[in-house]
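**Q** To start, I am sharing the structure in question, which I have written as structure tokens.
The values are calculated or read from the model by the stated rules, or taken from the named source; none is laboratory data. For clarity, every value in this text was computed on a predicted model and none was experimentally measured. In this analysis, Cβ positions are derived from the backbone assuming ideal geometry, glycine residues included, and neighbour counts consider all displayed protein chains. All accessible areas refer to the heavy atoms of the entire protein, side chains included, with ligands and DNA or RNA removed. Shrake-Rupley method; radii C 1.70, N 1.55, O 1.52, S 1.80 Å.
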Amino acid sequence: MTWNTLDDMDLAGKIVLTRVDINVPVEDGKVTDTTRIDRIVPTIKDILAAGGTSVMLAHFGRPKGQYVPEMSLRITLPALEAALGQSVTFIERPDRAALEAAKGPVLIENTRFSAMEEANDPKMAQFLASLGDIFCNDAFSAAHRAHASTEGVAKLLPNCAGRLMAEELGALEKALGTPERPVMALVGGAKVSTKLDLLRNLVEKVDVLVIGGGMANTFLAAQGVDVGKSLCEHDLAETAREIAEKAAAQGCEILLPRDVVIAREFKAGAASEVVMTENVPSDAMILDAGPDSVAHIIQVLDRVKTLVWNGPLGAFEIAPFDAATVAAARAAAEATQAGQLISVAGGGDTVAALNHAGVADDFTYISTAGGAFLEWMEGKTLPGVAALKRND
């Protein structure tokens with residue numbers, strides 16, 4: 001590891017600026033999913049146990065540098081206090097004296113209420129640094145942003161990774177940095193255009209690349225398969241062929257659906273049938289991978305040691321087009337629980353799909369990060385992580 005952790009820092013009597021991600025879903029004034037809040041608890045508790053004061057910095061929504069009452073972090077306080085099992089002091093306009101006087105953890109108002117945050121303005125970074133003694137970044141999901149509270153302040157104070165950040169980076173290193181081989185990546189989703197950098201990076205890193213969802217249709221069409229009325233980016237056929245050629249040159253095997261589930265309309269209970277990929281009727285849509293395709297994925301899964309998963313295999317939101325995603329997810333979970341597979345997954349749709357399959361707790365690691373997880377998979381440098389690197 002090239003970054004410090006909390007264990008490397010003397011926290012006693014120190015104010016620890018702790019960048020967290022508690023940008024959680026809210027309905028009717030209440031937090032509806034506390035996952036992100038729950039995952040920062042070990043960091044906050046360890047700072048407090050070591051005699052430090054944890055001062056949490058976080059964003060909420062996209063207020064674009066303006067004060068927006070409904071985007072105040074105050075709304076997260078009840079859930080935060082419940083998770084920590086103690087009261088949290090909320091401060092709108094922080095100053096050093098107020099933080100030194102605080103008893104227990106502190107939450108500062110939404111960092112994005114200042115336009116200087118997203119601009120990574122040195123003045124804001126310096127102001128934040130003046131409030132604390134140590135900077136701890138526990139927000140991997142915001143690490144792809146070069147903001148004042150993620151990157152700027154990290155360069156001005158002794159810094160370290162929080163428990164969640166260290167756990168996330170360790171899991172990602174195991175998945176693509178120095179993985180146990182063979183490695184399979186399963187990438188799904190609607191459009192190839194949103195994942196070009198991802199696919200180009202993965203074919204250099206993995207041994208098997210499974211392509212599912214609407215993305216698979218574009219690759220099938222590039223091979224001359226008629227995909228009917230399916231979601232498909234026909235203008236990216238040449239790009240799909242280039243990626244396939246690059247994969248072949250790198251020795252990366254690409255798995256595309258052999259058979260597919262089709263329907264004439266996309267709605268619950270729509271009449272559907274399974275056909276071979278080359279037999280898709282011109283008036284039908286491909287909405288999921290077929291049973292033979294899933295059996296093939298599971299067969300290959302038996303011989304790989306590491307799996308990186310991003311995106312569903314089909315339109316999993318509506319039955320029966322969730323079958324492929326659920327079956328593959330359960331097979332991966334079973335192999336993981338048997339100690340045969342290291343499985344790392346991330347991305348919004350991915351987490352929803354694995355929850356739908358009932359296996360989110362059975363993977364080695366599930367990342368709550370969306371954009372940061374994707375950019376890391378694309379091989380990009382994440383500013384919030386790079387700023388934590390030790391110089392020794």
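**Q** Between the alpha-carbon centers of the stretch 265-312 and the stretch 72-136, tell me the distance in whole angstrom.
**A** About 47 Å separates the Cα centre of the stretch 265-312 from the one of the stretch 72-136.
**Q** Now for a different question. Give me a comma-separated list of calculated 3J(HN,Hα) values for the stretch 264-276, in order, Karplus coefficients 6.51, -1.76, 1.60 applied at θ = phi - 60°, integers in Hz, x for any Gly or Pro.
**A** Along the stretch 264-276, the couplings run 8, 9, 9, 7, 4, x, 5, 4, 9, 8, 9, 9, 5 Hz.
**Q** Would you calculate a helix-derived [θ] at 222 nm for the chain, using -39,500 (n - 2.57) for each DSSP H run of n ≥ 4 and dividing by the full residue count, to the nearest 500?
**A** -10000 deg cm²/dmol
**Q** How far apart, in nanometres, would the label points at LYS64 and ARG181 be if each is projected 7 angstrom from Cα along the Cα-to-Cβ direction?
**A** Here the modelled spin labels are 4.8 nm apart.
**Q** Please state the charge dipole magnitude for the chain, taken about the Cα centre, from unit charges on C-beta atoms (+1 on K and R, -1 on D and E), reported in debye and rounded to the nearest 20.
**A** Values: 35 positive and 52 negative charges, 169 e Å.
About 820 debye.
**Q** For every other residue with a beta carbon closer than 14 angstrom to the beta carbon of ASP283, add +1 if it is Lys or Arg and -1 if Asp or Glu, then tell me the sum.
**A** -1
**Q** How much net charge surrounds SER72 when only other residues with a Cβ under 12 Å from its Cβ are counted (Lys, Arg +1; Asp, Glu -1)?
**A** Details: positive: ARG74, ARG112; negative: GLU70, GLU92, GLU109.
Spelling it out: positives minus negatives among the neighbours equals -1.
**Q** Another question, if that's okay. What is the stretch 320-384's relative contact order, in percent, from Cα pairs under 8 angstrom and six or more apart in sequence? The partial results should precede the final answer.
**A** On the way: 70 pairs, mean separation 20.7, N = 65.
Computed over the stretch 320-384, the figure is 32 percent.
**Q** Full-extension gain between GLU317 and ALA101, please, as 0.36 nm times their residue separation minus the C-alpha to C-alpha distance.
**A** On the way: separation 216, 0.36 × 216 = 77.76 nm, distance 4.95 nm.
My answer for the length gained is 72.8 nm.
**Q** Where the accessible area of the stretch 149-204 is counted over protein heavy atoms with a 1.4 Å probe, how much of it, in %, is carbon and sulfur?
**A** 49 percent
**Q** Nearest 20 debye, what's the magnitude of the dipole of the stretch 1-99 about its Cα centre given +1 on Lys and Arg Cβ and -1 on Asp and Glu Cβ?
**A** Working: 11 positive and 13 negative charges, 56 e Å.
In total the dipole reaches around 280 debye.
**Q** Another question, if that's okay. Cross-link partners among lysines for LYS191, C-alpha distance below 27 Å, same-chain residues fewer than 8 apart left out?
**A** Here the lysines satisfying the reach criterion relative to LYS191 are LYS205, LYS229, LYS246, LYS267, LYS380.
**Q** Here's a follow-up. If I fit a long axis through the Cα atoms of helix 163-172 and take the longest principal axis of the Cα atoms of the chain, what angle between them do I get, 0 to 90°, rounded to 10?
**A** 30 degrees
**Q** Going through the stretch 289-376, which trypsin sites (Lys or Arg not before Pro) have at most 11 other Cβ atoms within 10 Å and a DSSP loop state?
**A** Values: sites: ARG303, LYS305, ARG330; in loops: ARG303, LYS305.
Of the trypsin sites (Lys or Arg not before Pro), the ones in loops of the stretch 289-376 whose Cβ has at most 11 other Cβ atoms within 10 Å are ARG303.
**Q** Among (1) 1.02; (2) 1.05; (3) 1.09, find the value of Rg/Rh (Cα atoms, Kirkwood Rh) that was calculated from the structure presented, and write down its label.
**A** (1)
**Q** Just grab the label-to-label distance for ASP8 and LYS30, each label 7 Å out from Cα along the Cβ direction, in nm (one decimal).
**A** In this crude label model, ASP8 to LYS30 measures out at 4.3 nm.
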